[in-house]
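Just so it is clear, none of the values below were taken in a lab; they were calculated from the coordinates. This is a predicted model, so every value here is computed, not measured. Ideal geometry is used to build each Cβ from the backbone, glycine not excepted, and the neighbour counts take in all protein chains shown.
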Ligand SMILES: Nc1ncnc2c1ncn2[C@@H]1O[C@H](COP(=O)(O)OP(=O)(O)OP(=O)(O)O)[C@@H](O)[C@H]1O
């Protein structure tokens, strides 16, 4: 077992995984630098979700290694991986999965409260993120009284509220209208850049991938191209392109 290069916050080599008899990953390797936004692209069923789940410790690959800094994620016990996810990682799903009984701010504050942050401080942080995502006015409403776009913004606020070291986002704007989705994604990437949060973003939409610094294309569980710089843009250019003041 060889530790990953120093400048990669997240690093995986030779990942294989099958769901039952269905192969989902067949030898994928990837490194992500601190503060980088990596898009994982590919058509439906190409292995994007499985890759994000292996990188975030939700799934243990059947072969291969996953490292988060100097921690070998693939060999950690289940409770240690759970701790890692709670303390260091954030996850945004395609569907928001909010707790229906809790208000928007309570949902956004939940990971902070689970970490032991006091209610007052957790509420303050949660409401700040709701404001940044343009849903501050919904803070006291429950999910049933919100539309899909508002619910997804709250799920994004919840993921950002802990300022995770790595944020995994699995098709986070798929259920939104295109213009709304683009705006939400710009807010998300701008917030990540300003807080040095590393993002691994799965998408089947090539336009969404242009907001990332690099992309890794998958096809049938394999890399269909080397991770490439976002088309036509250097790191500086792509950072400057997202100029929202989040
Ligand atoms: N829980 C599961 N049980 C059985 N097969 C699965 C399961 N999850 C994924 N698969 C299969 O593994 C392969 C990769 O799926 P995965 O969800 O990782 O791809 P994806 O690129 O994220 O697709 P999508 O864009 O549809 O979410 C597909 O063939 C899929 O049908």
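Using the 10 angstrom Cβ neighbour count as an exposure proxy, how do 204, 74 rank, fewest first?
204, 74
I'd like the per residue volume of the convex hull spanned by the Cα atoms of segment 116-219, given in cubic angstrom.
Convex hull of Cα atoms, per residue: 117 Å³.
How many times 2.2 N^0.38 Å is the alpha carbon radius of gyration of segment 61-192?
Here the answer is 1.09, to two decimals.
With r as the distance between the Cβ atoms of residue 147 and residue 33 and R0 = 41 Å, compute the FRET efficiency 1/(1 + (r/R0)^6) and round to 0.05.
0.70
Using a Debye calculation, one point per C-alpha and no hydration shell, please list log10 I(q)/I(0) for segment 17-82 at q = 0.16, 0.17, 0.29 Å⁻¹ in order.
The calculated log intensity ratios at q = 0.16, 0.17, 0.29 Å⁻¹ are -0.56, -0.63, -1.44.
List residues of segment 48-71, by number, whose backbone nitrogen lies under 14 Å from a label position 7 Å along Cα→C-beta of residue 97.
Within reach of a label on residue 97: 49-50, 52-54, 56-59.
Above 33 Å lies some portion of the pair distances; for the chain, what is it as a whole percent of all C-alpha pairs?
16 percent
Any chance you could run the full-extension gain for residue 86 through residue 44? It's 0.36 nm times the residue separation minus the Cα-Cα distance, nm to one decimal.
12.3 nm
If you project the alpha carbons of segment 64-132 onto their three principal axes, what span does each projection cover, largest first, in Å?
Each principal axis gives a Cα extent; for segment 64-132 these are 40, 27, 23 Å.
What residue among 47, 20, 221 shows peak mean-square fluctuation when the chain is described by a Gaussian network model with Cα springs under 10 Å?
20
Restricting to DSSP H runs of at least four residues, report the calculated mean residue ellipticity at 222 nm for the chain, -39500 (n - 2.57) per run over all residues, nearest 500 deg cm²/dmol.
-10500 deg cm²/dmol
If neighbour count is taken as other Cβ atoms inside 10 Å, put 66, 60 in order from fewest to most.
Listed from fewest to most nearby Cβ atoms, that is 60, 66.
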